[in-house]
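Structure first, commentary second.
What follows is calculated from the coordinates using simple rules that are stated; it is not laboratory data. Small disclaimer: the values here were computed from a predicted structure and weren't measured. Note: ideal-geometry Cβ built from the backbone for every residue, glycine included; neighbour counts use all protein chains shown.
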Amino acid sequence: MNGWYAERTAGRAARAVIAVALLALLLVAAVPVALLAAVVMMLLGHVAGGLALFGGSVLAAAVAVLLAGMSGMRHLRKLLSGGSLRVMRLDASQYTGVAEPEGSDYANVVELDRSEYTEVR
């Protein structure tokens, strides 16, 4: 049981990706609050400060989203190329438990072997 739990916990890289994604979500959620604060500042006469506040919050949110996207894609590529995801291909012998659907409208179905078809793109 202990070995299974160790395999299921997130590694350091996964925790970093989760932390960056949460930071991006928080910064995106803070943009409307920054807009409201900027409007209040502009009404009080600090136009440049209000524009700077709103522009800075949008810029920070955009950078955080970009960073989260890039780090998430890199982490996903590592997982897929490293073999950490144990994905197995099923062969024909592993489909024996699957029953054919009853009452199919297709009476003349021809099953093809792999050598009899090509991939269409």
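With a Förster radius of 41 Å applied to the beta-carbon distance between residue 43 and residue 117, the computed FRET efficiency rounds to 0.05.
Given the Cα-Cα distance of residue 31 and residue 78 and 0.36 nm per residue of separation, how much length would full extension add, in nm?
Working: separation 47, 0.36 × 47 = 16.92 nm, distance 3.22 nm.
Fully extending the segment from residue 31 to residue 78 adds 13.7 nm.
Between residue 58 and residue 19, the simple spin-label model (points 7 angstrom out along Cα→Cβ) gives 3.0 nm.
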